[in-house]
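We did not get these values from a lab; they are worked out from the coordinates using the rules stated. Since the model is a prediction, treat every value here as computed from it, not as a measurement. Note that each Cβ is placed from the backbone with ideal geometry, even for glycine, and that neighbours are counted across all protein chains shown.
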Amino acid sequence: MKKRTLESMLKIALKTFPVVLLNGARQVGKSTLALDSFKNYLTFDDGELRLYAKENPKGFLKNLELPICLDEIQKVPTILEYIKMHIDSNRINGDFLLTGSSNILDYKDSKDTLAGRLCELRLHPLSSKEKNDKPFENIIEKVCEPYFTTKEDGTGFGLYMAKIIIEDKMRGTINVRNDKDNVIFTIKLPHKKV
């Protein structure tokens, strides 16, 4: 399994909150990450389990060995109210990891159910850092260095040459930073009045 950048945040969230919701698109690795973090794992893809949880949510929760990961939680949204009652009577951080491909908190009856009890994390597809087995590397600091590339057939000269031209030849600056899901390049060039 590829190391994920989100792993360390997931561990912190599980130490801080009784419920962590890990959501993201299908096939991004939520279940794989959950299986790596929890020995007790159930998925509501199992029709019989899903039916039992829907028909007897209180009994379902009572029989669970905690901590546990409940995968595909969006298939049984009514169970959130019972998870809330369980937490309110016996709050232990890290008891529940919930995963799903649709945001259960967007369901009209779920919005306030776990307020103050839940941390929501979003898992994205593998990043270039993760694909290259460097999930904690800050590539922003390296993108303009010679030979740095995230492409299999890349040379690592494109951004390096841009930096040389902008800074050495044009006496300007190039700045690179993250802004949520985007990388922002800011180029400043001196201006001469004519």
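Quick check: pseudo-label points 7 Å beyond the Cα along Cα→Cβ at residue 128 and residue 162, how many nm apart are they?
So the label points at residue 128 and residue 162 sit 1.0 nm apart.
Roughly speaking, what % of Cα-Cα pairs in segment 6-127 are separated by over 27 Å, rounded to a whole number? Numbers along the way, then the final one.
On the way: 576 of 7381 pairs.
Counting every Cα pair in segment 6-127, those more than 27 Å apart make up 8 percent.
Restricting to bridges with both residues inside the chain, how much of the DSSP beta-bridge set is antiparallel, in percent to the nearest 5?
Working: 7 of 23 bridges.
Taking every DSSP beta bridge with both residues in the chain, the antiparallel ones total about 30 percent.
Treat every Asp and Glu Cβ in the chain as -1 and every Lys and Arg Cβ as +1, leave all other atoms uncharged, and give the resulting dipole magnitude about the Cα centre to the nearest 20 debye. Intermediate values should be presented prior to the final figure.
Values: 32 positive and 27 negative charges, 172 e Å.
Around 820 debye, computed over the chain.
Apply 1/(1 + (r/R0)^6) to the Cβ-Cβ distance of residue 170 and residue 5, taking R0 = 41 Å, and write down the FRET efficiency to the nearest 0.05. Intermediate values should be presented prior to the final figure.
Details: r = 35 Å, r/R0 = 0.85.
Calculated transfer efficiency: 0.75.
Between residue 65 and residue 16, with labels modelled 7 Å along Cα→Cβ, what's the label distance in nm to one decimal, could you check?
A separation of 3.0 nm, rounded to one decimal place.
What percent does the relative contact order of the chain come to when contacts are Cα pairs within less than 8 Å and at least six residues apart? It would help to have the intermediate numbers written out before the result.
Working: 285 pairs, mean separation 47.2, N = 194.
Answer for the chain is 24 percent.
Please find the FRET efficiency linking residue 39 to residue 177, where r is the Cβ-Cβ separation and R0 is fixed at 41 Å, and quote it to the nearest 0.05.
On the way: r = 40 Å, r/R0 = 0.97.
Efficiency, from the Cβ-Cβ distance: 0.55.
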